[in-house]
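Please read the structure below before turning to the comments.
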Amino acid sequence: MIIGRKPKIGIAFGGGGARGFTHIGVIKAFEEYGLKFDYVAGTSVGSIMGAAYAAGKSWQQLYNIAKDVKVKDIRTNKIPLMPSKTDGIESVMINALGDINIEQLKTKFSAVAVDIKSTKEVCISHGNLAKAVAGSCCVPGVFVPVEFGDMLLCDGGLQNTIPADIPRYFGCDYVVAVDCNKSRTYGTDSSKFIDVISCAIRILMKSNAVSGYINADVIIAPETKRFKSTSTDGFEDMIEEGYKAAIDIMPEIIKLFRKRKVFKSKPKFKTADIEFV
């Protein structure tokens, strides 16, 4: 039993492609209530938004950055069925936040990826920010794996699409998680290469999203079914959905921030299959 210490509260931003624009609306709600988190974790698009949030960017600044980003800026290869390099993602990060290391962010941050050499989940808390985020966003078949040290990184959603366990590992007593892709489980009638690969990844992500719900104390889950994860259409509507979902559950989040007197620390989870960088 620990008495008289303020709890540390973490935020985990989940993956979901373009549906991650909902994170901006969630951040807008946090700002309106003056909420500050002690640790930020993100997977895939959640690592982009999470890194910007950890850098101290406001929701309005995020909006201004995101509104000009087009799919063609991210997926730069024009040859059908050929994966793109992640240069576009890295350029977005560098232009928005600078060519910096993760340690330079205002709030402690981790990006979650998967090393296809070891097949392990990788929690990246040090090193070049743009490279780490690019690795976290590197969807297999869509992007070329990212070299990061001696690792080859792919999308963290392959193993941990809602990384609520990561802030907990780094000492957070409570964790709020954002699932921007709760309708992730849908099939496809297409036999095209990209459509089949995308469907396979969604099936994988369905199972590992469960751990995110288990490790979070509060889940914000915007309704994003009507939006495509591969299109920026409906950009402003996605932000509004994120905002509404956060406001709806805000009383539960506020309760976490008011638990100031007495609480029990939760045990850390097993980390045998995670590499920490």
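The values are calculated or read from the model by the stated rules, or taken from the named source; none is laboratory data. It should be emphasised that the depicted structure is a prediction, and the values quoted were computed from it without experimental measurement. As a convention, Cβ positions derive from the backbone with ideal geometry for all residues, glycine included, and neighbour counts pool all protein chains shown. When the accessible area is computed, the model is the full protein with side chains, heavy atoms only, and any ligands, DNA or RNA have been set aside. Shrake-Rupley method; radii C 1.70, N 1.55, O 1.52, S 1.80 Å.
For the chain, adding -39500 (n - 2.57) for each run of n ≥ 4 DSSP H residues and dividing by the number of residues yields -11000 deg cm²/dmol at 222 nm. Shown for segment 36-179: lysine pairs separated by 8 or more places, or found on different chains, whose C-alpha atoms are under 19 Å apart, numbering 15.
Would you list the membrane-span-like helices of the chain, meaning whole DSSP H runs whose alpha-carbon atoms span at least 27 Å along their axis and whose mean Kyte-Doolittle value is at least 0.0?
Qualifying helices, which must be both long enough and hydrophobic enough, are 193-215.
Taking 0.36 nm per residue of separation and subtracting the Cα-Cα distance, full extension of the segment from Lys259 to Val71 would add 63.5 nm.
The alpha-carbon of Lys206 sits under 20 angstrom from the alpha-carbons of these aspartates and glutamates, leaving out residues fewer than 8 places away in its chain: Asp115, Glu121, Asp155, Asp165, Asp179, Asp189, Asp195, Asp217, Glu223, Asp273.
Each Cα pair under 8 Å and six or more residues apart adds its sequence gap; the mean of these over the residue count of segment 1-140 is a relative contact order of 25 percent. When Rg and Dmax are taken over the Cα atoms of segment 69-221, they come to 15.8, 47 Å. Take every pair of alpha-carbon atoms less than 8 Å apart whose residues are at least six positions apart; their mean separation over the length of segment 18-62 yields a relative contact order of 47 percent. Across the accessible surface of segment 120-187, with the other protein chains kept in place and a 1.4 Å probe, carbon and sulfur atoms take up 54 percent. Peptides 153-160, 235-242, 18-25 ranked from most to least packed by the mean count of surrounding Cβ atoms within 10 Å: 18-25, 153-160, 235-242. Dipole magnitude for segment 1-135: about 160 debye, using +1 per Lys or Arg Cβ and -1 per Asp or Glu Cβ, origin at the Cα centre. Placing dummy labels 7 Å off each Cα toward the beta-carbon, the span from Ile249 to Ile194 is 3.1 nm.
Once the Cα-Cα distance is subtracted from the 0.36 nm per residue extended length, the Tyr33 to Phe276 segment shows a gain of 84.2 nm. Taking the centroid of alpha carbons for each part, segment 94-144 and segment 1-60 are 16 Å apart.
Our summary gives the chain a relative contact order of 28 percent, counting only alpha carbon pairs under 8 angstrom and 6 or more residues apart. Between Lys206 and Ser58, the simple label model (points 7 Å from Cα in the Cβ direction) yields a spacing of 4.2 nm.
Taking the highest mean first, how do the peptides 212-218, 130-136 order by number of other beta carbon atoms within 10 angstrom per residue? It would help to have the intermediate numbers written out before the result.
Details: 212-218: 19.4, 130-136: 29.0.
Result, highest mean first: 130-136, 212-218.
If you count the DSSP beta bridges with both ends in the chain, what percent of them are antiparallel, to the nearest 5?
The antiparallel fraction comes to roughly 35 percent.
For the pair Thr119 and Asn95, how long in nm is the line joining their label points, each one 7 Å along Cα→Cβ? Output for this residue pair reads 3.9 nm.
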